[in-house]
Structures are given as C-alpha cells and as structure tokens.
Amino acid sequence: LNLRLIPYSEQQWLLVARDISKLMHLEQVRRDFVANVSHELRTPLTVIHGYLELVEPEDAPTLAPVLGEMRAQSRRMGQIVEDLLALSRLEVQEHAQEERVATSPLLATLRKEAEALSQGRHAILVRGESDRDLLGSLKDLHSAFSNLVSNAVRYTPAGGRIDVLWRDEPGGGARFSVTDTGYGIPASHLPRLTERFYRVSSSRSRETGGTGLGLSIVKHVLALHQSRLEVASEPGKGSTFACVFGAERVLAPEPGLSGGDAHAGE
Ligand code: ADP
C-alpha cells in the first residue's frame, strides 16, 4: 500500500491509500528479466571473447583489420553485462554492508586507476585532506568513486586536469569529489544523468568505452549509504561530481594508523 497524507484545509488532512501491488509486481518482473538476461549472456560472451583472444592477427591476415574491432566490441558487451548485473544486485539490496572503509588506500588505488586510464594525458591530483574513514561497503564505494574518476578522465581532453579530493564537511560529514576541466554538461541534461543508458553524447561515450550505466551505479551505491550526489558543471569549462556523506557514515581514523605513508599525497 502506498499512503499519502496531504494537508486538505486548515484543520483537515486527506489520507490517500493506493494498492500498488500490481506496480510492485511489474517492477519485480522487470528487475528479474534484466538480471536473467544479463546472467544468460555472460557465458556465451565469455566463450566468444576467449576464442577471439586465441586468434592471432598473423595467423589470419585477412581477418586482422576486423579482429581488433571484434575484440573491443566483445569487451564492451562484457562490460555492459557486468554493469547490468551490478545494478540488479544493488537494486535488491536494502542496506549497505557496514565495514570500515579506509580512505587512504582507496584514494591511492583510485589514483593508480586514473593514471592507467589517462596514460599521461592529464594532470591528476589526489588529495586526502581528511584522515577519516567511511562506514559502508568497500566494493560498492570503490565502484562508485572509480566510475566518477573514470568519467572525469574520459570526458576531459588531453592536457586537462583532474582533482580528486576527500575532505571534511561542516556538521561532521565528509565529501568525496572529482573535478575535471573537461567538456562539461549543459544544465538541461543534469537532471537525467543518473538514468540508465542516458548519455549527453552517445558517440563520445562509446568512443571512450562507456556503457551508459556508470552514474546509475553511483546513484544506487550512494542511496544505500544515505549519501547524495552533487553535480556542478559548465559546458566547455568542466564538471565537479561530489558524494556527500552524513556524520553517521564517517569514522574517526583508527588509532595508530594515522599520518605518514597512509596518506595519499599529490
Ligand atoms: P557513460 O558510460 O556513458 O560514461 P555514465 O552513466 O557514467 O555513462 O555517464 C552518463 C553521461 O553523463 C555520459 O555519457 C556523459 O555524457 C555524461 N558525463 C558523465 N560524467 C561526465 C564528466 N565528468 N564530464 C562530462 N560529461 C560527463
């Protein structure tokens, strides 16, 4: 049942109760369908990908020009399937796992990933201004943060700059942000960015290996952590994507582990 209590007049309230069983059932069917299709596609794709990797371009010179493209496309399909499965898993989950997520090593990993993806084309700065950790799921938070970092690299032309920052917020919370000097996003697209397969430019997304599912994953992970996504962007100037966590999700550093090498500097 969906219940809504609406102020009706000065001393009256209106209670509207709706039976949404059918809607919930349809939602469930949709979720199961996506999860099952993704799961069924996984094995055939792995086989195709495996055989494609076995063929050497020298062994089949006539196929050489298309072989690279076939490999890239099968990798892309594999990534879409993995992302859909990740989304299905996140959708049915009600609570995030509650473990200490150490932010210093996480920032160090994100930096390595960004550098590998950028291949020296961008200036990448990672700063851990706060020494506090997070309470949640390492796997999911890593996936959300690395989606934001990978978007910043993919939507910033060579020579641009990417700033990753972890800092405290007034009121006891903390904030993870990724700022780039890339293409930016026109304001009219911002409200729809986290929809599945929504892209500002499909060609650019495809060229850079996007699946169109990254920001949906980010949205779901943040919802499980009662965190919100803030996006500020200006076309031609760049974007900032920030995950804001409340005080209940932020942990003081573990005694004895602070300072020194643990910090991901610049
Ligand atoms: P994709 O796999 O296409 O990158 P996402 O869900 O991660 O999918 O992002 C959705 C769309 O939002 C992208 O296709 C792109 O148009 C836009 N976008 C995301 N991050 C950025 C960014 N840092 N700068 C510019 N555009 C971005």
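The values are calculated or read from the model by the stated rules, or taken from the named source; none is laboratory data. Here the structure is a predicted model, which means the values were calculated and not measured. Here the Cβ is made from the backbone with ideal geometry for all residues, glycine too, and neighbour counts use every protein chain on show. With ligands, DNA and RNA removed, areas are computed over all heavy atoms of the protein, side chains included. Shrake-Rupley method; radii C 1.70, N 1.55, O 1.52, S 1.80 Å.
Residue-level check: of (1) touching a residue at least 60 places away in the same chain (Cβ under 8 Å); (2) open to solvent by less than 20 Å² (accessible area, probe 1.4 Å); (3) farther than 24 Å from Lys139 by Cα, Val244 misses just (3). Beta carbons closer than 9 Å, at least 6 apart along the sequence or on distinct chains, pair a first residue in segment 47-64 that is hydrophobic (A, V, I, L, M, F, W, C) with a second that is in a loop (DSSP other than H, G, I, E, B) and surrounded by fewer than 10 Cβ atoms within 10 Å (Cβ to Cβ) for Ala64/Glu58. What are the pairs, 6+ residues apart or on separate chains, where a residue within segment 120-135 that is under 9 Å from Pro253 (Cα atoms) has its Cβ under 7 Å from a residue that is among the charged types (D, E, K, R) and surrounded by fewer than 17 Cβ atoms within 10 Å (Cβ to Cβ)? Final answer for the pair search is Arg132/Asp168; Asp133/Arg100.
Condition check ((1) touching a Gly at 6+ places or on another chain (Cβ under 6 Å); (2) of a type outside the set (Asp, Glu); (3) surrounded by fewer than 19 Cβ atoms within 10 Å (Cβ to Cβ)) across all residues:
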site: Ala108; (1), (2), (3): no, yes, yes
site: Gly120; (1), (2), (3): no, yes, yes
site: Asp131; (1), (2), (3): no, no, yes
site: Ala144; (1), (2), (3): no, yes, no
site: Asn147; (1), (2), (3): yes, yes, no
site: Ala152; (1), (2), (3): no, yes, no
site: Gly159; (1), (2), (3): no, yes, yes
site: Trp166; (1), (2), (3): yes, yes, no
site: Ala174; (1), (2), (3): no, yes, no
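The lone criterion from (1) within 13 Å of the ligand (Cβ to nearest atom); (2) of a type in the set (Lys, Arg); (3) closer than 25 Å to Lys139 by Cα; (4) modelled with pLDDT of 95 or more left unmet by Lys237 is number (3).
Quick one: which residue in Gly173, Gly159, Gly182 is at pLDDT 95 or above, near the ligand (Cβ under 10 Å from one of its atoms) and farther than 24 Å from Arg31 by Cβ? Show your work before the answer.
On the way: Gly173 fails: near the ligand (Cβ under 10 Å from one of its atoms); Gly159 fails: near the ligand (Cβ under 10 Å from one of its atoms).
Exactly one residue qualifies, and that residue is Gly182.
Per this entry, Thr109 is not counted among residues that are modelled with pLDDT of 95 or more, in contact with a strand residue (DSSP E or B) (Cβ under 7 Å, 6 or more places away or on another chain) and of a type in the set (S, T, N, Q).
Looking at Tyr183, Tyr198, just one residue is free of Cβ contacts under 8 Å to residues at least 40 places away in the same chain and either under 27 Å from Ala123 (Cα atoms) or in contact with a Gly (Cβ under 9 Å, 6 or more places away or on another chain) (or both), and that residue is Tyr198. In this entry, Leu138 is excluded by the filter for residues that are of a type outside the set (Ser, Thr, Tyr), closer than 28 Å to Gln93 by Cα and within 12 Å of the ligand (Cβ to nearest atom). Of everything in segment 202-218 that's more than 12 Å from Ile80 (Cβ to Cβ) and open to solvent by 10 Å² or more (accessible area, probe 1.4 Å), which residue is nearest to the ligand (Cβ to nearest atom)? Filtering segment 202-218 for residues that are more than 12 Å from Ile80 (Cβ to Cβ) and open to solvent by 10 Å² or more (accessible area, probe 1.4 Å), the one nearest to the ligand (Cβ to nearest atom) comes out as Leu215.
If we scan segment 219-230, do we find a residue that is near the ligand (Cβ under 7 Å from one of its atoms) and among the polar types (S, T, N, Q)? Steps first, please.
Step one: list which residues in segment 219-230 are near the ligand (Cβ under 7 Å from one of its atoms), which gives none.
Checked segment 219-230: no residue is near the ligand (Cβ under 7 Å from one of its atoms) and among the polar types (S, T, N, Q).
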